[in-house]
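Here's the structure we're looking at; comments come further down.
The values are calculated or read from the model by the stated rules, or taken from the named source; none is laboratory data. Only a predicted model underlies this, so the values are computations on that prediction, with no experimental measurement involved. Don't worry about glycine lacking a Cβ; one is built from the backbone with ideal geometry, like all the others, and counts go over all protein chains shown. Heavy atoms of the whole protein, side chains included, go into the accessibility calculation; ligands, DNA and RNA do not. Shrake-Rupley method; radii C 1.70, N 1.55, O 1.52, S 1.80 Å.
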Amino acid sequence: MTTFVDRVELHVAAGSGGHGCASVHREKFKPLGGPDGGNGGRGGDVILVVDQSVTTLLDYHHSPHRKATNGKPGEGGNRSGKDGTDLFLPVPDGTVVLDRHGNVLADLVGHGTSFVAAQGGRGGLGNAALASARRKAPGFALLGEPGHTQDIVLELKTVADVALVGYPSAGKSSLISVLSAAKPKIADYPFTTLVPNLGVVTAGATVYTIADVPGLIPGASQGKGLGLEFLRHVERCSVLVHVLDTATLESERDPVSDLDVIEEELKQYGGLDKRPRIVVLNKIDVPDGKDLAEMVRPDLEARGYQVFEVSAVAHTGLKELSFALADIVAKARAAKPKEEATRIVIRPKAVDDAGFTVTAEGEGFFRVRGEKPERWVRQTDFNNDEAVGYLADRLNRLGVEDELVKAGARAGDGVAIGPEDNAVVFDWEPTMASGAEMLGRRGEDHRFDAPRPAAQRRRDRDAERDDVQREFEGFDPFA
């Protein structure tokens, strides 16, 4: 059964915002006490967070669909709906987030680093929040905005200081097992290592991590063997260690040719040219292996490599190798720029930015695109005439009708608001945005104009009392 997964496709969906509530306050002697509909709650976000205790993407391989909770709708009595709960997804350190087209969205390195993969929808405003001097008692509320959904790809690039590379069965797993406390699977057949193994090495005052990358073969950078799946795990390493087998049983192989093959694959993969290299001639405990190591060492040193002869079985030469790696890692760390606290950059939109575009698409058809108009359309209840009129007013104030006129739109032309796959299409009339008064005096509730018997009776009694008082004041008993 698979226990290590370093690449998955994840389908994330944020929570939708709750709908606003259209309600009118009612109590004794106040049958129409004004709007009191609460706002809907915000939908929950889907957030990726680096967790040092997580080392694989296996959970997302088995459960690739993740969704945050929706916001609750608003209620009467000015009660706002509860916000949706954010969904936090722990990922290993070194996870790269890509979209479906392969574009990098985020590179998550460092414990606690987070990335919002899907943002929750806004909650709809209740009619209490929509009330104004012109619209005293709105008979509608805004709908909650749908949560953002997208398909992303998670790729794990191991965060290690040292990467061991080489042919299968070159002794990389044995070497990492004696340099650190790692316990990888070790056997005498090719491709024993199917997943990268990580170990922690202490050499003097330096502590560094070392990774055993699965064996590479010719053509690994094009997908042969296991190389293409795991070459990305060497990208973050400070130093590459070529582990060469000096006791191979294959007659057509030798340490120098093995080195050339692996270097060619690293070159084809790209991005590793300036990475420091060290050559380890392994298995010198075998008599023929010792002789071959002494034979090829001068050639390798002539190429500029630092060469170490070791035996993972006999624990020969390991101390010198460990301290040499620690020295290179320490220099690489010192050369890195000092990390600074993340600076929050605020880029406000221009004041005169209308935030939308109007483009002509064919004869008599226009499309409106923009964050504001598209969000307003999503939050409009088209079954409510008053809500449609409110949308028309907002679009008119934003300047959509003026831009349509400038673009050459005429009465009866088709207008779409939104993208092609999800747009609201209507036949445009110049009076629609500015003349929506045909729906009635928006901003007022006609229920307030309805006769109220109790109030009328009080007015009648007051009028009768005033008449009696006037008659009494004009009465002269001596006349």
Test: I217 is at pLDDT below 85 and assigned to a helix (DSSP H, G or I): no
Pairs, first among the hydroxyl-bearing types (S, T, Y) in segment 373-387, second open to solvent by less than 30 Å² (accessible area, probe 1.4 Å), C-beta under 7 Å, six or more apart: T380/A387; T380/L391
Residue ID - farthest from V49 (Cα to Cα), chosen from residues in segment 87-136 that are without any contact (Cβ under 8 Å) to a residue 24 or more places away in the chain and in a strand (DSSP E or B): V104
P73, sole failed condition from (1) closer than 30 Å to R232 by Cα; (2) crowded, with 21+ Cβ neighbours inside 10 Å; (3) of a type outside the set (D, E, K, R): (1)
Qualifying residue in segment 1-8 (condition: in a loop (DSSP other than H, G, I, E, B), at pLDDT 90 or above and buried (at least 21 other Cβ atoms within 10 Å of the Cβ)): no
Near pairs, Cβ below 8 angstrom, 6+ apart or cross-chain, from segment 388-416 (over 19 Å from G364 (Cβ atoms) and open to solvent by less than 40 Å² (accessible area, probe 1.4 Å)) to any residue that is acidic (D, E) and modelled with pLDDT of 85 or more: L395/E401
Positions within segment 137-155 being outside any strand (DSSP E or B) and open to solvent by less than 20 Å² (accessible area, probe 1.4 Å), in sequence order: A137, P138, F140, A141, L142, G144, G147
Every pair of residues 6+ apart whose Cβ atoms lie under 6 Å, when the first sits in segment 315-327 and is in a helix (DSSP H, G or I) while the second is among the polar types (S, T, N, Q) and open to solvent by 10 Å² or more (accessible area, probe 1.4 Å): A326/T206
Considering residues of segment 274-308 that are under 15 Å from H242 (Cβ atoms) and without any contact (Cβ under 8 Å) to a residue 24 or more places away in the chain only, the residue surrounded by the most Cβ atoms within 10 Å (Cβ to Cβ): R297
